[in-house]
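One structure is given below, encoded as structure tokens.
Each value in this text was obtained by applying a stated rule to the coordinates, not by laboratory testing. All of these numbers come straight from a predicted model, not from anything done at the bench. Please note: Cβ atoms are built from the backbone with ideal geometry, for glycine as well, and neighbour counts cover all protein chains shown.
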Amino acid sequence: MSRPLELVAAGFVGLLFGLGLLVAGMVQPANVVGFLDLFGDWKPALMGVMGGGIAVNAVGVLIMKRMGKPLLGATFHLPTRRDLDKRLLTGAALFGVGWAIGGFCPGPALVAVPSGRADALLFLLSMLGGMALFNVWERKAALDRPAPAPTLSPNPAAAQPEPGGGPA
């Protein structure tokens with residue numbers, strides 16, 4: 001399939017997702033914070049939204065498993081890692097704290113920004129700032145890591161560069 005068709009399909013799915021967030025009331029931080037307030041004015045509606053999302057995704061996964069390949073691509077892109085590491089757990093905790101404080105997660109914030117809501121714009125800018133800081137941190141950490149020790153090749157001729165400067 002062509003790239004423009006993929007973009008139209010992605011735009012349609014994004015629009016549908018945004019409309020779902022609007023209809024479900026997930027662009028209202030009070031609904032999200034109310035769901036997290038277990039000992040106050042608890043609002044359980046978010047459980048229904050999550051359950052609906054899980055159900056739709058489960059049907060999608062079942063359909064995907066029966067398909068040989070996606071309609072608009074060469075292959076499905078599925079996660080391969082199954083481990084829990086410090087980075088994943090830290091990121092999940094930061095996401096949860098940001099969600100609880102701001103009442104937004106990235107999707108609803110993007111949907112709410114065009115309405116002119118200052119809180120959504122502040123959340124979005126804070127999120128983008130956090131992503132930029134993380135990028136700087138990751139680059140610095142990569143520079144601070146020692147280079148891996150060179151491995152010795154059992155074949156000395158294989159370790160010699162080609163005359164053009166490329167690998168052997």
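Toward the positive end of the charge dipole of the chain, with +1 on the Cβ of Lys and Arg and -1 on the Cβ of Asp and Glu, the farthest Cα among Leu128, Val13, Gly34 is that of Val13.
Translational diffusion of the stretch 5-60 was estimated from the Stokes-Einstein equation, with Rh taken as the Kirkwood radius over Cα pairs; at 4 °C and 1.567 mPa s the coefficient is 102 µm²/s. Charging the Cβ of each Asp and Glu at -1 and of each Lys and Arg at +1, and nothing else, the dipole of the stretch 3-144 about its Cα centre rounds to 520 debye. I'd like the orientation of helix 118-144 relative to the chain: the angle between its Cα long axis and the longest Cα principal axis, in ° from 0 to 90, rounded to 10. On a 0 to 90 degree scale, this one is about 20.
Distance between the C-alpha centers of the stretch 50-73 and the stretch 87-112? Whole Å please. Cα centres, the stretch 50-73 to the stretch 87-112: 25 Å.
Listed values for the stretch 66-83 are Karplus-derived 3J(HN,Hα) couplings in whole Hz (6.51 cos²θ - 1.76 cosθ + 1.60, θ = phi - 60°), namely 8, 8, x, 8, x, 5, 10, x, 7, 8, 7, 10, 10, x, 10, 7, 10, 8, and x replaces Gly and Pro. The trypsin sites (Lys or Arg not before Pro) found in the stretch 113-153 include none that occupy coil by DSSP while having at most 14 further C-beta atoms within 10 Å.
Adding -39500 (n - 2.57) for every DSSP H run of four residues or longer, then dividing by how many residues the chain holds, sets the calculated 222 nm ellipticity at -20500 deg cm²/dmol.
For the stretch 3-144, the residue among Leu62, Val23, Gly96 whose Cα projects farthest onto the positive side of the dipole built from Cβ charges is Leu62. Note on the stretch 3-144: Rg/Rh from Cα positions, Kirkwood definition for Rh, rounded to two decimals, is 1.00.
Bridging of Lys86 to aspartates and glutamates at a Cα separation below 18 Å is possible for Glu138, once same-chain residues fewer than 8 apart are set aside. Would you work out if the stretch 24-85 is rounded, prolate or oblate? Take a ≥ b ≥ c from the square roots of the eigenvalues of the alpha-carbon gyration tensor; rounded if a/c is under 1.5, else prolate when a/b is larger than b/c, oblate otherwise. Note, shape of the stretch 24-85 comes out prolate.
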